[in-house]
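Asks: Dropping a structure here in structure tokens format, bear with me for questions.
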Amino acid sequence: MSGHVTKSSQKVSKPRLNQREVRDIRASRIELFGTRCLLCSNCLSFGEESCYMFAGVRSCNHCTRRQRLSCDVLAMNTLSSLSSEFERLRRERREAEDELVRLQQEVSGKHDEFLKLQQDISGKQGEILQRLSKLQRLRRQEEIVRGKVGDILRAEEEIDREEEEEVRKESEAQQPPTDSFVASPSFFSGINFDLGPLSPSTAAALGVVDQGSGDGNHQASISHSGGAQ
């Protein structure tokens, strides 16, 4: 019929999975829905960290993924095997507890040492503060003593100056007064200084006569003075 579109049914073919992919899917389901159990012999030998089993499935997840048919996960998880494993776990638990107690005691000892060291440090800090306070006090006292010494030295120096001034004034007061009179030319205007001719003895005593000088005029004046006598 014209205008009528018919849809033919087509079958969608799904890609087939290989055996490895199928085993991976089955192992993932065992891990997801199963229960963690004791390691089987294969997992122990290959160093697996965990092992999962599912009720009714003979192989664990790792043996399923690797296609190991000799999986003994069921046998390992029987009552006897569980008892042995329980004893092993309990023994390891006790060892872990003992180790924990030992570590706690060691930490407690270290903590006590730390507290003692902290107390020692606190004591040393207190001593340091005391020494600093004493040092500051000594510095202040030193400055005070230094200032007092300076005051004493300045006072003694001032006293020495005053004593020197007094001594100088006393010395000047004990000296005789000097004549500061200065005669004016008019003072000597009425005085006759002509004492007349000197005698030879007086002239000789005064050193006026100089026989070795060769001054003729000087000798003539002396001789003239002698003849006048």
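Derivation of every value follows stated rules applied to the coordinates shown; laboratory data play no part. Bear in mind that the values here come from a model prediction, so they are computed numbers and not experimental data. All Cβ positions, even for glycine, are placed from backbone atoms using ideal geometry, and neighbour counts span all protein chains on display.
Asks: Mind checking which aspartates and glutamates have their Cα closer than 16 Å to the Cα of LYS116? Skip sequence neighbours fewer than 8 apart in that chain.
Replies: Of all the aspartates and glutamates, those that pass the test against LYS116 - Cα under 16 Å, at least 8 places apart if same chain - are GLU106.
Asks: Ok, one more. Can I get the semi-axes of segment 87-153's equivalent ellipsoid? Compute them from the C-alpha gyration tensor as square roots of 5 times the eigenvalues, in angstrom, largest first. Mind showing how you got there, number by number?
Replies: Working: eigenvalues 814, 4, 3 Å².
In descending order the semi-axes read 64, 5, 4 Å.
Asks: Each residue of segment 102-112 in turn: what ³J(HN,Hα) in whole Hz from Karplus with 6.51, -1.76, 1.60 and θ = phi - 60°, glycine and Pro shown as x?
Replies: Values per residue, Gly and Pro as x: 4, 5, 5, 5, 5, 5, 4, x, 5, 5, 5 Hz.
Asks: Go through segment 165-173 residue by residue and turn each phi into a ³J(HN,Hα) via Karplus (6.51, -1.76, 1.60, θ = phi - 60°); whole Hz please, and just put x for glycine and proline.
Replies: With coefficients 6.51, -1.76 and 1.60, one gets 5, 5, 4, 5, 5, 5, 5, 5, 5 Hz.
Asks: So for segment 70-121, taking the charge dipole from beta-carbon charges (+1 Lys/Arg, -1 Asp/Glu), which of LEU100, SER84, GLN118 sits furthest toward the positive end?
Replies: Checked the options; the winner is SER84.
Asks: More than 13 Å apart: what percent of Cα pairs in segment 51-107 qualify?
Replies: Working: 1098 of 1596 pairs.
So the pairs more than 13 Å apart make up 69 percent of the total in segment 51-107.
Asks: Further question: Taking the alpha-carbon distance from LYS134 and a cut-off under 17 Å, which aspartates and glutamates remain once sequence neighbours fewer than 8 residues away in the same chain are dropped?
Replies: Within reach: GLU142, GLU143.
Asks: If you don't mind, there's one more thing I want to ask. Take the Cβ-Cβ distance between LEU69 and ALA96 as r, set R0 to 45 Å, and report the resulting FRET efficiency rounded to the nearest 0.05.
Replies: 0.80
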